[in-house]
1. Can you tell me how many residues in region 276-289 are of a type in the set (Val, Ile, Thr) and either surrounded by fewer than 24 Cβ atoms within 10 Å (Cβ to Cβ) or away from the ligand (no atom under 11 Å from the Cβ) (or both)?
2. Listed residues ARG249, ARG273; which is in a loop (DSSP other than H, G, I, E, B), of a type in the set (Lys, Arg) and either in contact with an Asp or Glu (Cβ under 6 Å, 6 or more places away or on another chain) or more than 11 Å from the ligand (Cβ to nearest atom) (or both)?
3. Quick check: is even one residue across region 398-413 under 16 Å from ASN295 (Cα atoms), assigned to a helix (DSSP H, G or I) and modelled with pLDDT under 95?
4. State which residue pairs qualify: first residue without any contact (Cβ under 8 Å) to a residue 60 or more places away in the chain and inside region 158-173, second residue near the ligand (Cβ under 10 Å from one of its atoms) and not aromatic (Phe, Trp, Tyr) in any location, beta carbons under 8 Å apart, and separation of 6 or more residues or different chains.
5. What's the number of the only condition in (1) of a type in the set (Ser, Thr, Tyr); (2) closer than 26 Å to VAL285 by Cα; (3) away from the ligand (no atom under 13 Å from the Cβ) that SER64 fails to meet?
6. For region 225-237, which positions are farther than 15 Å from GLN185 by Cα, crowded, with 23+ Cβ neighbours inside 10 Å and in contact (Cβ under 8 Å) with a residue 60 or more places away in the chain?
7. I'd like to check something: does region 110-119 contain any residue that is surrounded by fewer than 20 Cβ atoms within 10 Å (Cβ to Cβ), modelled with pLDDT of 95 or more, within 11 Å of the ligand (Cβ to nearest atom) and of a type in the set (Val, Ile, Thr)?
8. For region 84-99, indicate whether the set of residues that are within 12 Å of the ligand (Cβ to nearest atom), in contact with a Pro (Cβ under 8 Å, 6 or more places away or on another chain) and assigned to a strand (DSSP E or B) is non-empty.
Amino acid sequence: MTTHEYDVVVVGAGTSGCYAAATVARAGYDVVVVERKTESEAGHIACGDALKGADAFPEAIPKSKIQSAFTNTDVDHGRFEIPQEDTVLDIPVPGELAVIDRWEYGRLIIEGANEAGAEFHYDTVVQDVMQADDGQVAGVRGKRTGDVVTYDADVVVDAAGSLSILQDKADLERATFDTNVNYSQFCSAYREIVEVDEPVEWSDALVFKPTERAAGYLWYFPRTETEINAGLGFQMTEEPMQLVEDLKRDLRSRPEFQGAEVTDKLGAALPTRRPYDSAVAPGFVAVGDAAGHVNPTTGGGIAGAAYAGKYAAEQAIDAIEDGDVGEAALWEYNERVMEHFGGRYAALDVYNILSTAVDVDDLMGLMAALPGENLAEALYEGSTSFGLRLKLKAAIKSFGYWGQIYDFYKTKNVADDLLSHYEDYPSSPEAFEMWQSRRDDIMEDVYATTGADPKY
Ligand SMILES: Cc1cc2nc3c(=O)[nH]c(=O)nc-3n(C[C@H](O)[C@H](O)[C@H](O)COP(=O)(O)OP(=O)(O)OC[C@H]3O[C@@H](n4cnc5c(N)ncnc54)[C@H](O)[C@@H]3O)c2cc1C
């Protein structure tokens, strides 16, 4: 058995892990990233390759380090194909957007964290979390090529992605840490990298299309004019889809993919839920997918993961400096996540919940009827407002969907209530239970308004 000692051990060399490790290392502390993949495979992660907010990434890994992986920066809108309505909607995407070569980006952030001073241990599968009798997390245990290896650390950062094994193994019942997590709050997704001979006409757009069955969508994201990330996903509350077959069928039906060559295939689960209510426990912080830090309507999780990594690392450093890594000492991390994007994602989750309760054809009809600017806001901001002129325009276009529009308005109102409740996220663990209880009351309104089955 080999034992290592670090100030901070980060499990997972994805976006959240690399940004956390780079931040810790830059502050002069000892940090290791433990990754189950080999050095050459690390950074190869299933993704749609769309990077939103590319202009404002945490500085621990300089933007200049990752920029060469941004293969398409000309994308400025979403193209929603709605076959049920025989319509294509062009909807602006706010903020800077890039389609990236995800593996190259993955390699570059590892390099960036390494240059900042973080160590990387590859081929090491973490299998258990070490805890003191009082529940304080003290490190992790794993296996590297058959040998048991342990890591003692003041703080463990769980950056191991969706359905992290660390949370199965750790006993977090005594902490505020959110354990109300199950597979139905996730989406199963699969993507291929497809090369075509002729440039596609929509190389400045992210193409979305609803799947025929189930609450899911197909996407076509252009890495370049001739290299396309094509994928699809479905909510795990629904009947499973044959992801590979369904994607193949759609590819066959599109003339631009005739004779195309598939160069890479990968699939994975991603959280499409609200962020964890609390992602801290004594000596333990979860970040990125391991804490539900994904926009639940778009599936975009890279930017949230990077910022969660930064915030967790900064809090861990403060706690270590103060000689107390207890829950209260790590709490500000929860607050920063909720303030930056967590509240917004929780409000967006309301629309996700609505989508499980309405007929997909109605939803598509409604989308085709609403003004694009408002849809863009609803997709990214968690709230939208309709001016009178737009209301009238929408009403005329949407004749036939007025019932659904009314339901949408009611849903928007409860989503706004939720958003403002997250703005009052407590500043210490003491007020947490009361905050959660009021939030659960608002969720009751969400289920009553949408008619959806409870998600949590
Ligand atoms: C198909 C698909 C498409 C997506 N498309 C987009 C998109 O277009 N844009 C976007 O912004 N987001 C997208 N996402 C979401 C995005 O990929 C994630 O939100 C983001 O990668 C989260 O980063 P992370 O660091 O938290 O986790 P991950 O990137 O999943 O990294 C986790 C790391 O932990 C390692 N690990 C796991 N378990 C262990 C263990 N026991 N021991 C050691 N190491 C371990 C893994 O090997 C991996 O390297 C997509 C996700 C999927 C699945």
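1. 2
2. Numbers: ARG249 fails: in a loop (DSSP other than H, G, I, E, B).
Criteria check complete, one pass: ARG273.
3. Filtering region 398-413 down to residues under 16 Å from ASN295 (Cα atoms) leaves none.
Checked region 398-413: no residue is under 16 Å from ASN295 (Cα atoms), assigned to a helix (DSSP H, G or I) and modelled with pLDDT under 95.
4. From residues that are without any contact (Cβ under 8 Å) to a residue 60 or more places away in the chain, the pairs are ILE165/VAL126; ILE165/GLN127; LYS169/GLN127; LYS169/ASP128.
5. The number of the failed condition is (2).
6. Within region 225-237, ASN229, GLY231 meet the criteria.
7. Within region 110-119, none of the residues are surrounded by fewer than 20 Cβ atoms within 10 Å (Cβ to Cβ), modelled with pLDDT of 95 or more, within 11 Å of the ligand (Cβ to nearest atom) and of a type in the set (Val, Ile, Thr).
8. yes
The values are calculated or read from the model by the stated rules, or taken from the named source; none is laboratory data. Note that the structure is predicted; figures quoted are calculated from it, not measured. FYI the Cβ positions are ideal-geometry reconstructions off the backbone, even for glycines, and counts take in every protein chain you see.
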